[in-house]
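The values are calculated or read from the model by the stated rules, or taken from the named source; none is laboratory data. Keep in mind that what you see is a predicted model, and the values were worked out from it rather than measured. Neighbour counts are summed over all protein chains in view; Cβ atoms, including those assigned to glycine, are modelled from backbone coordinates with ideal geometry. Quick note on the areas: whole protein, heavy atoms, side chains included, nothing else; ligands and nucleic acids left out. Shrake-Rupley method; radii C 1.70, N 1.55, O 1.52, S 1.80 Å.
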Amino acid sequence: MATDLDRAQTFYGDLFGWHFRPSRHGHGRYTIAFTQDGAPTVGMGVPAATGVTLPVTWTTYFAADSADEVVSRARERGGTVAVGPLEFGSGRVAWAADPDGAVFGIWEGELTSAWWGERRPGAPVWLELRTRDAFEAALFYGHVFSWDAQGQDRCDVRFEHDRVVLHIDGKAVAGLRGGALEATPDPNVRPRWHVYFCVDDVDRVATQATALGGGIISAPADTPYGRIAALRDPEGGLFSIAASATTTTEATESLDEAEPSYKAESLHDAERDGAESREAGP
């Protein structure tokens, strides 16, 4: 979600090489961003004028076969549904928060791409939830999105390197990490979903973000999953960047070989709804 779509497009277009195409999604101005090789990657929009100022943010969306069923299960587990499900372009959407207050979206409709299948510069490469208790969060999301029902070959949840990690089709795509504080004034520490975009050179892109009017929240640093940095755009939207596809994949594979993984406790046995994710914002 942005307040100035033209400004957001200029910043992210220059930073990631995205080009944009208007879309009929949404109830305001909305556009789809494409990577340099033409792959649809994220949605960006400005809501219709309502007199209410919404925060600039990236929102993680989870795909669902039935938004109504997912919303029902979210409420059963102590989540809060703020809006929807409602018609949104060619599909249906809802916005909710988990019991610790981390906001996420629910999308019922066509998926434009499976971003975890091929990591490419400018596309999302990793999602991470900062939360109070990673295991409780895994139980919540696992129940809501029926991770257990999809089978371990399709959807596998493990504990790796101080976080719960979700694997889709054998690839690590999201982490749930504890230690977030709901009352902290720092939005980088409060419970929320963080989106990481793949780049060829983390240090260069972090420097470029500052030159384009953004800022560096956490300086580039090496991690078990590759080199990363946390940034903000000119309107204050927070996002992160991670090392290129080759570096990230090799790091993940070497970690899987170096340390044992532990299957997270059984989450929930329910009908399949999909653990695919998409990003919409900022």
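Computed quantities for the displayed model
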item	result
Neighbours by Cβ (under 6 Å, 6+ apart or cross-chain): first from region 214-234, more than 13 Å from Val199 (Cα to Cα); second at pLDDT 95 or above and of a type in the set (D, E, K, R)	Gly214/Arg232; Gly214/Asp233; Gly215/Arg232; Ile217/Arg232
Residue check for Val71: of a type in the set (A, V, I, L, M, F, W, C), closer than 26 Å to Arg132 by Cα, within 19 Å of the chain's Cα centre (by Cα) and modelled with pLDDT of 95 or more	yes
Selection count, region 69-101, where residues are exposed (fewer than 15 other Cβ atoms within 10 Å of the Cβ), touching a helix residue (DSSP H, G or I) at 6+ places or on another chain (Cβ under 9 Å) and in a loop (DSSP other than H, G, I, E, B)	1
Region 82-115, residues that are β-branched (Val, Ile, Thr) and within 18 Å of the chain's Cα centre (by Cα)	Val93, Val103, Ile106, Thr112
Subset tally (residues that are modelled with pLDDT of 90 or more, open to solvent by 40 Å² or more (accessible area, probe 1.4 Å), in contact with a Pro (Cβ under 7 Å, 6 or more places away or on another chain) and not in a strand (DSSP E or B)) for region 102-142	1
Out of Ala229, Ala209, sole residue that is more than 19 Å from the chain's Cα centre (by Cα), closer than 20 Å to Asp14 by Cα, open to solvent by less than 10 Å² (accessible area, probe 1.4 Å) and not charged (D, E, K, R)	Ala209
Whichever residue in region 167-192 is part of a strand (DSSP E or B) and in contact with a Lys or Arg (Cβ under 8 Å, 6 or more places away or on another chain) and, among such residues, is modelled with the lowest pLDDT	Ile168
Counted residues, region 5-31 - those being β-branched (Val, Ile, Thr) and modelled with pLDDT of 90 or more	1
